[in-house]
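The values are calculated or read from the model by the stated rules, or taken from the named source; none is laboratory data. Not measured: the values here are computed from a predicted model. So basically every Cβ, Gly included, is an ideal-geometry build from the backbone, and we count neighbours across all protein chains shown. SASA here: full protein model, heavy atoms, side chains in, ligands and nucleic acids out. Shrake-Rupley method; radii C 1.70, N 1.55, O 1.52, S 1.80 Å.
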2 protein chains.
Amino acid sequence: MAPDVPALATRSATPLNRAAVVSAAVALADREGLAAVSMRHLAGELGVVPMALYKHVADKDDLVAAMVDLVVAGYAAPPPGLEWREGVRQRVLGARDALLEHPWLRQAIEAATQRTPSVLGHMDAVAGEFAAGGLSYDLVHHSMHALGHRIWGFSPEAFSSPPASGAPPAPAPPAEEQAAMMAAMAQRFPHISAIAVDTATRHPLGACDEQFEFEFTLDLLLEAFARLHSAGWSSR
Amino acid sequence: MAPDVPALATRSATPLNRAAVVSAAVALADREGLAAVSMRHLAGELGVVPMALYKHVADKDDLVAAMVDLVVAGYAAPPPGLEWREGVRQRVLGARDALLEHPWLRQAIEAATQRTPSVLGHMDAVAGEFAAGGLSYDLVHHSMHALGHRIWGFSPEAFSSPPASGAPPAPAPPAEEQAAMMAAMAQRFPHISAIAVDTATRHPLGACDEQFEFEFTLDLLLEAFARLHSAGWSSR
DNA sequence: ACGATAGGCGTACGCTGTACACCATGTCAA
DNA sequence: TTGACATGGTGTACAGCGTACGCCTATCGT
């Protein structure tokens, strides 16, 4: 028999390094979601024993932070010299693009306990776009608070259902029951039901247009910031 | 010897019920944080074996959802007949009050995978305040998207540091090093540093005023919604 | 030639959620 | 009165998690 390389997992000849570990984790998360990124699973993916990873990352938190850092480092930077609203807009939409490519990113950012360099860099770059427009740092500060997680490309949706992990929890209730449910909903929650109806008439094909939703809010806030700016607003 | 009641844990004579389990979980989370709410810990608290809890809650997700539901059910409702902005404002600030009493609530809401009745009820009530002002459901829909998690009383802060769990990670670096760090920060991240400086001059005593921050954004958005409303805005 | 170092391995511990079988009790119908 | 049945607490067990600790080997600078 030939006792050479391991059977299944890809095990390269050269030793691991931090970058390889982190990018493998990103790829794994892209493929199977953030929950699948356990030290054991990732190690198996790399053809290595779990504890080997700890030679390259301090702990799981460090790994996740590094994953975020890697993706955020790849955010597209708009050309300099843009009007400030456009600069902010492009940076935020750039973040959103990355988010759409790496759906786990939102969860990772929300769970993050550190601010890594790339993360700070993005926040600084966004602040810089504001500042280039002549907004006072006072206003920039509060405007960025208003943007909140939107600078990472997502809004904290009060409505949107969680990402529908795999199989539907209820096995498709019969249409009759569903109609009864709808009626009960309409009675108990008239306003959100009305919203649902209103939305359905406007967008017959599916749920609401997330991208429109996102840009709507973004532009709304940007306009409000501009108004405050030209009015010489100050926090005290 | 007296082989009667268990030694340490409080074990009442009457059997458990769902409400008792859930409110014990809330109390535990209030005392020791959401992370401390494990089935085993909670069961121990109730003087019961872990699996006993599964007679009252379907699983951990169900428990957390019920915890959220319980707190949200207690949100203060403003008197009817308020001007719509004031109605929304009071409901949202009421949610914020509950959040300040139960710091774990934010995390629980963010992690929630279900919309329980109380949760839907709050969303509906907020929508109702808008609707009472004559806003179209179309605009209500988009305005609530804009509010996002703010209707739960918190804004997703891009800046605020995570809640500083227990001991500081670094054991208070020497002042000399700290100054060097600050200088390096200022060079690499000029804008956020400028914000920090600006903020420090305005609020010499501490970090920024979260409450002010929150209300600033809230009022900003509300004013923008009002402007759209009076301009007859529609999404298409 | 040799010690230091880097990097992968193996074992083990304590923690998590929860499936499954079992048993005591209270309630109700026959 | 008796048996069926539901309710609720128990005990054991399993798979998975992060990670502390010690060992072993290959490489490299001196």
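Okay, here's what the table says:
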| quantity | calculated |
| --- | --- |
| Subset tally (residues that are open to solvent by 50 Å² or more (accessible area, probe 1.4 Å) and away from DNA strand D (no atom under 16 Å from the Cβ)) for the stretch A:50-88 | 12 |
| Members of the stretch A:89-108 found to be open to solvent by less than 30 Å² (accessible area, probe 1.4 Å) and within 16 Å of B:E110 (Cα to Cα), listed by number | A:W104, A:L105, A:A108 |
| Residue check for B:A111: surrounded by fewer than 20 Cβ atoms within 10 Å (Cβ to Cβ) and closer than 20 Å to B:D59 by Cβ | yes |
| Among the candidates A:G74, A:G94, A:G87, residue that is more than 21 Å from A:M144 (Cβ to Cβ), without any contact (Cβ under 8 Å) to a residue 60 or more places away in the chain and not basic (K, R) | A:G74 |
| Helices (runs of 4 or more DSSP H) wholly inside the stretch B:17-105 that include at least 3 residues being within 16 Å of DNA strand C (Cβ to nearest atom) and within 14 Å of chain A (Cβ to nearest Cβ) | B:60-73 |
| Pairs with Cβ under 6 Å, 6+ apart, first in the stretch A:135-152 and more than 20 Å from A:L93 (Cα to Cα), second crowded, with 24+ Cβ neighbours inside 10 Å and of a type in the set (A, V, I, L, M) | A:Y137/B:I195 |
| B:M123 being without any contact (Cβ under 8 Å) to a residue 40 or more places away in the chain and open to solvent by less than 50 Å² (accessible area, probe 1.4 Å) | yes |
| Identity of the residue in the stretch B:132-153, more than 8 Å from chain A (Cβ to nearest Cβ) and not in a helix (DSSP H, G or I), that ends up nearest to B:E83 (Cα to Cα) | B:G133 |
| Residue ID - farthest from the chain's Cα centre (by Cα), chosen from residues in the stretch B:38-49 that are buried (at least 17 other Cβ atoms within 10 Å of the Cβ) and either under 22 Å from B:D124 (Cβ atoms) or within 11 Å of DNA strand D (Cβ to nearest atom) (or both) | B:V48 |
| Hits in the stretch A:154-180 - residues which are part of a helix (DSSP H, G or I) and modelled with pLDDT of 70 or more | A:A179, A:A180 |
| Enumeration of residues in the stretch A:178-203 that are buried (at least 17 other Cβ atoms within 10 Å of the Cβ) and facing chain B (nearest Cβ under 7 Å) | A:F189, A:H191, A:I192, A:A194, A:I195, A:D198, A:T199 |
